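For reference, the structure discussed in these notes is given below.
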């Protein structure tokens with residue numbers, strides 16, 4: 001960076017437009033104890049940069065290469081995912097959602113509002129557009145975290161020479177885990193628990209349990225259409241272009257989170273995984289370590305009006321996949337429907353093969369109900 005410029009404390013002029021808040025001011029709005037007061041920071045010059053936009057043309061993928069795509073995205077999840085400078089909004093929202101979703105499976109007692117987020121940006125500020133993407137990342141974090149009702153505990157910016165990355169981690173502060181003082185007024189936000197705690201172990205495994213009658217249920221935590229722009233699939237295939245999913249419904253995320261967390265704490269979830277990097281297919285593949293499942297996508301196809309299986313399988317809408325017993329199906333159905341949460345029964349585990357296969361069989365009435373709940377359909381290209 002130039003002398004007297006600061007990635008955090010400077011104001012930004014992007015594409016000729018000066019933004020009123022610095023990244024530090026944006027992030028401090030999400031802090032539990034804000035460290036900064038709004039000011040112009042006269043000691044720092046403005047950062048001037050321009051956006052780098054991806055091509056809007058839809059990228060084509062081969063439906064016959066689904067198995068190859070799944071293996072490549074699954075392998076990529078074992079490594080730190082580089083920040084996609086062309087899609088800063090999608091990448092940031094997805095990683096925030098992923099950090100919170102990964103906490104769903106922890107043993108303990110807590111709600112979404114009890115959690116805190118820690119963030120770190122490692123950034124190469126030299127390439128054209130990199131600082132503009134950093135600013136957009138901070139702006140997205142500000143809006144999404146505020147909408148979720150979660151607070152940040154800290155954030156770090158580290159300037160480097162090799163690539164860019166953004167990491168988020170959800171945790172429970174020790175203060176929240178302590179007992180309340182006797183006689184102290186106990187007023188909690190709507191989505192916080194009294195006396196929350198989190199253990200070191202998972203409440204449920206991530207691999208499917210051998211119960212052929214059980215159900216594999218997919219629950220997206222946002223109502224946006226499926227898109228492949230900025231996806232892990234596009235990164236592993238070295239492709240650029242297309243529109244990204246616009247993850248922007250924090251209220252729906254909150255409703256989904258509360259229901260699934262209760263189901264997990266009550267022991268109804270036999271196995272569960274986060275759907276984020278790599279989409280539905282990558283998450284399902286992770287669950288099928290010892291067993292297999294025929295993924296029935298008919299409910300999703302009908303609800304979204306989306307016939308492209310590649311988009312459905314690899315589009316990165318944050319959510320979860322859970323395994324539940326057949327005896328618990330009606331109860332889970334009632335809890336989700338009560339909150340107007342759309343869910344998709346994908347099939348049953350089988351020992352006949354390992355991994356996933358894709359089918360599209362109609363289910364009596366289910367697809368129509370889900371379509372009415374979603375009240376939307378995706379259109380256009382990625």
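Please enumerate the residues belonging to segment 278-307 that are surrounded by fewer than 20 Cβ atoms within 10 Å (Cβ to Cβ) and more than 19 Å from residue 212 (Cα to Cα).
Residues satisfying the conditions are 298, 301, 305, 306, 307.
For residue 83, indicate whether it is in a loop (DSSP other than H, G, I, E, B) and under 30 Å from residue 172 (Cβ atoms).
For residue 83, the condition - in a loop (DSSP other than H, G, I, E, B) and under 30 Å from residue 172 (Cβ atoms) - is met.
Please work out which one of (1) without any contact (Cβ under 8 Å) to a residue 60 or more places away in the chain; (2) surrounded by fewer than 17 Cβ atoms within 10 Å (Cβ to Cβ) is the condition residue 57 fails and give its number.
(1)
Looking at residue 231, is it surrounded by 24 or more Cβ atoms within 10 Å (Cβ to Cβ) and either over 24 Å from residue 144 (Cα atoms) or out of contact with any helix residue (DSSP H, G or I) (no Cβ under 7 Å at 6 or more places or on another chain) (or both)?
In short, no.
I'm trying to understand the selection: among the residues of segment 55-64, which are at pLDDT 90 or above and assigned to a loop (DSSP other than H, G, I, E, B)?
Residues satisfying the conditions are 60, 61, 62.
Checking residue 91 against (1) modelled with pLDDT under 95; (2) buried (at least 17 other Cβ atoms within 10 Å of the Cβ); (3) under 20 Å from residue 283 (Cβ atoms), which single condition isn't satisfied?
The one condition residue 91 does not meet is (1).
Looking at segment 65-77, is at least one residue within 21 Å of the chain's Cα centre (by Cα), outside any loop (DSSP other than H, G, I, E, B), surrounded by fewer than 14 Cβ atoms within 10 Å (Cβ to Cβ) and at pLDDT 95 or above?
The answer is yes, given that some residue of segment 65-77 is within 21 Å of the chain's Cα centre (by Cα), outside any loop (DSSP other than H, G, I, E, B), surrounded by fewer than 14 Cβ atoms within 10 Å (Cβ to Cβ) and at pLDDT 95 or above.
Could you figure out which of (1) crowded, with 23+ Cβ neighbours inside 10 Å; (2) in a helix (DSSP H, G or I) isn't true of residue 330?
It fails just one condition, (1).
What do you reckon, is residue 355 in contact (Cβ under 8 Å) with a residue 24 or more places away in the chain, buried (at least 24 other Cβ atoms within 10 Å of the Cβ) and touching a helix residue (DSSP H, G or I) at 6+ places or on another chain (Cβ under 8 Å)?
no
Hand me the list of strands (runs of 3 or more DSSP E) wholly inside segment 94-177 holding 2 or more residues that are over 30 Å from residue 314 (Cβ atoms), in contact with a strand residue (DSSP E or B) (Cβ under 8 Å, 6 or more places away or on another chain) and free of Cβ contacts under 8 Å to residues at least 40 places away in the same chain.
151-159
The values are calculated or read from the model by the stated rules, or taken from the named source; none is laboratory data. The shown structure was predicted, so the numbers you read here are calculated from the model rather than taken from an experiment. Cβ sites come from the backbone with ideal geometry, for glycine too, and all protein chains shown count toward neighbours.
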